[in-house]
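I have placed the structure first, in the form of C-alpha cells, so that the comments after it can refer back to it.
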Amino acid sequence: MAETTHTELKRLPVVPLRGGAVFPGITTTITIGRRNSLAAAQTAVEQGGDLLILIQHDAEIENPADNDLATIGVVATVRDVLRAPQIGVQMLVDLHRRVRFHQLEATEPFLIGTYSELDELTDTDDPDLLNRAIAYLEQYAEALGEANQQVMRITRTKEMAGDLADYIAGLLNLPFELELELLMQLDGGQRLQAVNEYLEQEVHITEIRKKIQQDARTSTEKAQREYVLREQMRAIRKELGEEGEDAAETLRQQIEDAGMPEDITERALKELHRLEYQGQQSAEASVIRTYLEWLVELPWSKTSEDNLDIQHVREVLDTDHYGLDDVKERIVEYVAVRKLAGTQMQGAIINLNGPPGVGKTSIATSVARAMGREMVRISLGGVRDEAEIRGHRRTYIGALPGRVIRALRDAGTRNPVIVLDEIDKVGADWRGDPSSALLEVLDPEQNHSFTDHYLEVPFDLSQVIFITTSNQLNTIPAPLLDRMESIHMPGYIEEEKMAIAQGYLLKKQLAGHGIRDIDVTFTDEALQKIIRHHTREAGVRQLERKIGSVVRKLAVKIANGESGPFQITAVDVTDFLGPDKFHYGTAEEQDEVGVVTGLAVNAFGGDTLSIEVSLSEGNGRITMTGSLGDVMRESAQAALTYARANARSLGLEPAIFDQVNLHIHVPEGAVPKDGPSAGIGMATAIISAFTRRPVRRDVAMTGEVTLRGKVLAIGGLKEKTIAAHRAGIQTVLLPKDNAKDIPELPERVRQDLTLVPVAYLDQVLELALLESSEPPFHVEPKDKNVEMVPPVNGNGGRQERGVHAATK
C-alpha cells in the first residue's frame with residue numbers, strides 16, 4: 001500500500017464493493033450480500049458512525065485481502081439499512097470524501113481497515129470545462145429520452161470540476177475500469193476531462209444508433225407503401241382485363257404438378273400463401289420463392305425405367321471394363337433381385353475400395369448406363385462442413401440444400417446412381433462432421449425419409465443406388481463403413497494391364513488425338529516395357545498417360561505427312577519416353593547367404609522386398625537400417641530370439657550370438673517400411689547368415705513369426721503374389737491361415753506360382769534354405785584371425801526403386 005504523510009491512521013468498518021464504484025458528494029443505496037459487510041453496515045448504524053467503502057479489483061473473490069482492494073476509498077455515513085423482498089439488503093449512505101486505504105486489521109465479525117486523509121487532492125473551476133461537461137450530459141440525456149430538469153439544475157450548482165465529475169460519474173452506467181480510474185484520479189480537472197471524453201463518445205454512438213433506427217423505419221414505411229401501390233395496380237389491371245398470370249399462380253401450378261406427397265404439398269401451399277402477402281422486392285419474398293422453386297424442381301415422383309435384362313447388363317459392363325468380376329457380379333445380382341422384387345427392393349449401397357486408377361469411379365458410370373439410370377457424381381474429398389451433405393438452414397443468407405438433394409435435382413429422377421467419390425477423405429472440424437451426416441444417407445433403414453436442413457421435409461432415397469469409392473478403409477468411421485457393402489478392387493496384374501491397354505486405352509487415346517483411322521499397334525514387348533519401366537501403379541492411369549505420350553509422337557509424324565501403319569516396339573518406347581524410370585523387384589541373380597526376398601504392399605499394389613543380413617565380429621550388437629518402423633523392428637527382434645532359442649537344433653553354438661554384431665538392412669533406405677509380415681523373411685535371413693546356408697533365389701515369403709516359430713496370417717496376399725509373379729519368383733511361402741485366400745487369386749498367378757502354405761518356421765527353412773558346403777559362422781579366439789563371411793551383395797545390382805508401403 002502507498003505510504004502517507006500523515007502519522008495518524010484512523011480505523012473504520014470496511015464494506016468492499018464488487019463490480020462497481022461509488023463517488024463522493026452524493027447519497028445513494030448500495031446492495032450488500034456478504035455477511036461481514038452486513039455486520040459492518042449494522043454496526044455503523046447502531047454507533048451512528050462512518051464506514052469505509054472500498055472497491056475490489058476482482059469481483060469473484062469472496063474474502064478480499066489488502067492487495068485485492070483499491071488504495072483509494074470513500075468515507076461514508078450509513079443512514080439506514082433496508083431489506084427488500086426482491087432486491088435483498090441495501091444500505092442508504094452519504095458519500096463524503098476520498099481517503100487513502102492502508103490495510104485491513106480485522107476480518108471478523110466484519111472487516112476493519114485503516115485509512116488516512118489525502119493532502120494531494122487538486123481541482124479546478126475552469127468554466128469552459130464545466131460548461132462542456134454539462135452540455136454533453138444534456139445531449140446524452142436527450143438522446144436517451146431521459147432528460148431530468150432537477151438533475152441538470154444540480155449539475156449547474158457544482159463549482160469545481162472534481163465535484164461535477166463525481167456527480168456525473170454517479171449518474172452514468174460506466175465501465176468498471178473507467179469507474180476505478182475516476183475514483184483513483186486525485187486531480188479534479190483530469191477526472192472531468194475523462195468524463196467529457198466518455199460522454200462525447202456515447203453521444204456519437206447514440207446519434208448513429210438513432211440514425212440507423214430512423215433509416216429502418218423509413219425503409220419499412222417505403223416497403224409498405226410499395227405493397228399498397230402494387231395491390232392497387234393489380235386491381236386496376238384486373239378491372240381493365242389486362243391481368244396476366246403472375247409468379248404466385250405459376251408456382252401454384254408447379255406445386256400441383258410436382259407430384260409431392262400430400263403433407264409436403266400442404267407445406268408448399270402455406271409457404272406460397274405467405275409469399276402472396278409479401279412484397280415482391282422484400283428479402284423474405286426472395287427466400288420463400290427460392291425455397292418453393294427448389295421444392296417443385298425435385299423429382300418427387302419421376303423415375304427412370306430400369307433395364308432389367310441381365311444379359312444386356314453383363315455386356316455393357318464387360319464392354320466398358322476388363323476384369324473387376326466381383327463388382328460386375330454384385331451389380332448383376334442387384335438387377336436380378338430388382339427384376340423379381342420390383343420396387344419393394346431397397347437401393348444398393350456399395351463401397352469400392354482400392355488403389356487409385358483401378359476404375360472405381362468409371363465402373364459406376366457403366367452401372368448407370370447398363371441399367372438405364374442417370375448418374376451423378378459427388379466428390380467428398382476435403383469436405384469438412386456437415387452442411388455440404390444436409391444443407392444450410394433457411395435463416396442463413398445464401399442458404400442452399402446439401403449436395404445429395406442438389407444431385408437429385410440435377411439427375412431429374414428419384415432413382416439415379418449417385419457416386420460418393422473419395423469417401424475416405426472426408427474431414428471434420430468446428431462446422432460439423434460430414435461423415436456423421438452420411439450415416440442417414442447411407443442407411444437403408446433411415447434414408448427413406450432423409451431430411452435436408454434447407455427443405456425441412458423428408459425425401460425418399462431408398463431407390464437410389466449409392467456407390468462410394470475409397471483408397472483405404474481405416475480412415476472411414478466404423479459406423480459409416482458398417483452401412484456399406486465393401487468390395488475390394490486390388491491392382492491389375494501385368495497381363496490384365498496389357499489387355500486393358502490393347503482393348504481400351506489405345507483406342508481411347510487414338511480417338512482423343514484425332515487419329516482413330518490410323519493403323520497403330522503396340523507389340524506385347526512394348527506394352528510390357530511401358531508397364532514395367534515407365535509406370536508404377538496398381539491401376540492404369542499412368543499407363544494411359546504414357547500411351548497418350550506415344551500417340552502424340554505419332555500424331556506429329558502424321559501431321560508431317562507420314563501415313564502409317566505404325567507398330568510400336570520396345571525400342572520405340574525408349575525413343576519416345578526416354579530411359580527407364582522404374583525397375584520392378586526381380587528375383588535375385590543367384591542363391592546367396594543372408595539375402596531373402598520378402599513381399600510388401602504399397603499404394604501402387606505389391607512389390608518384392610530384399611532383406612539382407614550381415615555378420616561381423618563384435619559383442620552381440622544389433623543394427624537395423626532401411627527406415628524400418630517399430631513393428632518391423634520388433635519382428636526382427638522376435639526372429640533373432642527364435643534363432644537364439646533354437647541355436648543347437650540349427651547347428652549353432654549359443655555363444656556365437658554374443659560374439660558377433662548383427663546388421664539387418666532392407667534396401668531403399670529413404671522409403672519408410674513397417675508391418676509384421678516380414679517376420680519369416682527376417683528369421684530366414686538371420687538363420688541363413690549364421691548357418692551359411694544359401695537362400696533359394698526363386699523363393700519369396702511373407703508371414704508374421706512368433707517367438708515359438710509359428711507363422712501367422714497376413715493381409716494383401718493378392719497384391720503380394722502378383723508382385724512375386726511379376727518378379728519371376730517360382731515359389732511363394734505364405735501362412736497356412738491364408739490358404740483360404742488362394743482361390744481368390746488371379747488364375748494366371750495360381751498357374752505360374754507354387755503357393756506353399758506353412759504353419760511353422762521349420763517348414764520355411766526346409767523349403768527356402770539350401771545345404772551349405774561351409775561350416776556355420778564362427779569366431780576364432782581373439783589371438784587369431786577372425787573368419788568372416790564374404791560381404792553380401794546389398795542390392796542385387798538393381799537401381800533404386802519407388803515407394804514401398806507398409807507390409808501387412
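Miscellaneous remarks
- Annotation: T641 carries an accessible surface of approximately 60 Å², with a 1.4 Å probe and no ligand, DNA or RNA atoms counted.
- For region 150-230, the alpha carbon convex hull comes to 110 Å³ per residue, rounded to a whole number.
- Listed by chain and number, the lysines placed with their C-alpha closer than 20 angstrom to that of K360 are K328, K425, K497, K508, K718; residues fewer than eight positions away on the same chain are left out.
- Under-5 Å amide H pairs with I568, H placed in peptide plane, nonlocal only: T521, F522, T523
- Taking a quarter of the surface of the Cα convex hull of region 62-130 gives a mean projected area of 7.8 nm².
- Carbon/sulfur fraction of accessible area - the chain, other protein chains in place, 1.4 Å, %: 48
- Based on protein heavy atoms only, the chain ends up with 49 Å² per residue of surface accessible to a 1.4 Å probe.
- Taking Lys and Arg as +1 and Asp and Glu as -1, the other residues whose beta-carbon sits under 13 Å from that of T521 total -3.
- With Rh defined as the Kirkwood radius, the inverse of the mean 1/r over Cα pairs, the Rg/Rh of region 598-704 is 0.96.
- Charge tally for A364 (other residues, Cβ to Cβ under 11 Å; Lys, Arg +1; Asp, Glu -1): +2.
- Pairwise Cα distances in region 307-418 exceed 23 Å for 38 percent of all pairs.
- ³J(HN,Hα) computed for each position of region 534-546 - Karplus, 6.51 cos²θ - 1.76 cosθ + 1.60, integer Hz, glycine/proline x: 10, 9, 9, 6, 7, x, 10, 5, 5, 4, 5, 5, 5
- Solvent accessible area, Å² - D591, 1.4 Å probe, full protein context: 70
- Debye-sum result for region 642-718 in log10 I(q)/I(0), which assumes one identical scatterer on each alpha carbon, at q = 0.17, 0.22 Å⁻¹: -0.79, -1.21
- Looking at the chain alone, DSSP beta bridges between its own residues are antiparallel in about 60 percent of cases.
- R0 of 25 Å, Cβ-Cβ distance E120-T43: FRET efficiency to nearest 0.05: 0.25
- Taking a Cβ cut-off of under 10 Å around N471, the surrounding Lys, Arg, Asp and Glu residues balance to a net charge of 0, with basic ones at +1 and acidic ones at -1.
- For region 484-541, the Kirkwood hydrodynamic radius from C-alpha pairs, put into Stokes-Einstein at 20 °C and a viscosity of 1.002 mPa s, yields a diffusion coefficient of 167 µm² per second.
- J(HN,Hα) series, region 674-688, from Karplus relation 6.51 cos²θ - 1.76 cosθ + 1.60, nearest Hz, glycine and proline x: 7, x, x, 6, 8, x, 6, x, 5, 4, 5, 5, 5, 5, 4
- The shape of the chain comes out oblate: with a ≥ b ≥ c from the C-alpha gyration tensor, a/c is at least 1.5 while a/b does not beat b/c.
The values are calculated or read from the model by the stated rules, or taken from the named source; none is laboratory data. Note that the coordinates shown come from a computational prediction; the quantities given were computed from them, not determined experimentally. Neighbour counts are summed over all protein chains in view; Cβ atoms, including those assigned to glycine, are modelled from backbone coordinates with ideal geometry. Quick note on the areas: whole protein, heavy atoms, side chains included, nothing else; ligands and nucleic acids left out. Shrake-Rupley method; radii C 1.70, N 1.55, O 1.52, S 1.80 Å.
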